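Read through the structure below, which is laid out as structure tokens, and then see the notes.
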Amino acid sequence: MNLCTDQYALMLAAPGQLVSVSHVSADPVSSPMAAATAGLHLNHGGAEQIYLLSPDLVLAHPWSDPTALAMLRRLGLRVVQVPGVDSLPDIPARLAEVGALLGREEAAQTLIRRFETDLAALTAADLGPRAVLYGPNGYTTGEGALAHEVLTRAGFRNVAAEIGRSDTGQIALELLVMAAPDLIVRAETFPGASRAEEILHHPALMALIAAGTGHEDSPDWACGTPRIIAALRDLVDARQAMEAAP
């Protein structure tokens, strides 16, 4: 019933074990595992909808609707709220936790070993170019956030941290232009129109991107799962291409 919890369940569940996931998990813009939701019931987090599916276990998030969770518990369903991921070391712990809940400990350990091996191979020895994540309304992530850890693991200095942003916050476009990052990781936009996303198409930002500093993020950044390795690998490739350029 939650995008982030669903990702772990989709990775670890045995064939036929998973009954339903959030409708957001089927959206390829938001979910890196949208294709894996084919054939599953899509729910909108409502207690009635989930109860009628007769699950043995409901995996929720600490931010899931407390009213819906309370109702499901009153109806006799087992509900477990799986914590979110705040740092890369949280990912193996979350795999182990969800694996145990699903009785899929061996599958979880396989993913943990693969994640830790890939992470070690992609960790940069030092920091070089300057990068920033930039999303709707100018939101970014500074020191203390998972995305900051991914940037620095790839060998980038985080412009948001240099400016003084911690965790999440906003950077005015004028300040971003003056900061002149070497790489802008721009949030992918959704279909349709949104005033919050208009800044991502501003001529000043587009000029920076046209100058060769643009890089669009992907659903692999979502939630903090082993799929973050793909985002990290993309950043490492981008850094190596920048350093190899004349």
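Side notes on the structure shown:
- Checking each residue in region 34-73 for being in contact (Cβ under 8 Å) with a residue 40 or more places away in the chain and at negative phi picks out 34, 43, 50, 57, 58, 59, 60, 61, 63, 64, 68.
- Residue list for region 197-207, filter: assigned to a helix (DSSP H, G or I) and either more than 21 Å from the chain's Cα centre (by Cα) or in the same structural domain as residue 31 (by TED's automatic domain parsing) (or both): 198, 199, 201, 203, 204, 205, 206, 207
- Residues that are over 20 Å from residue 220 (Cα atoms) and either among the aliphatic types (A, V, I, L, M) or free of Cβ contacts under 8 Å to residues at least 24 places away in the same chain (or both) number at least 2 in the following helices (runs of 4 or more DSSP H) confined to region 104-196: 105-122, 159-163, 173-179.
- Residue within region 74-81 that is in contact (Cβ under 8 Å) with a residue 60 or more places away in the chain and either part of a loop (DSSP other than H, G, I, E, B) or more than 16 Å from the chain's Cα centre (by Cα) (or both) present: no
- Within region 106-121, the set of residues being surrounded by 14 or more Cβ atoms within 10 Å (Cβ to Cβ) and over 17 Å from residue 90 (Cβ atoms) comprises 107, 110.
- Identity of the residue in region 4-53, among the β-branched types (Val, Ile, Thr) and not in a helix (DSSP H, G or I), that ends up surrounded by the fewest Cβ atoms within 10 Å (Cβ to Cβ): 29
- Any hit, region 61-84, residues being within 22 Å of residue 6 (Cα to Cα), acidic (Asp, Glu) and surrounded by fewer than 20 Cβ atoms within 10 Å (Cβ to Cβ): yes
The values are calculated or read from the model by the stated rules, or taken from the named source; none is laboratory data. A quick note: this is a predicted structure, and the numbers were derived from the prediction, not measured. Every residue, glycine as well, gets a Cβ built from its backbone with ideal geometry; the counts of neighbours run over all protein chains shown.
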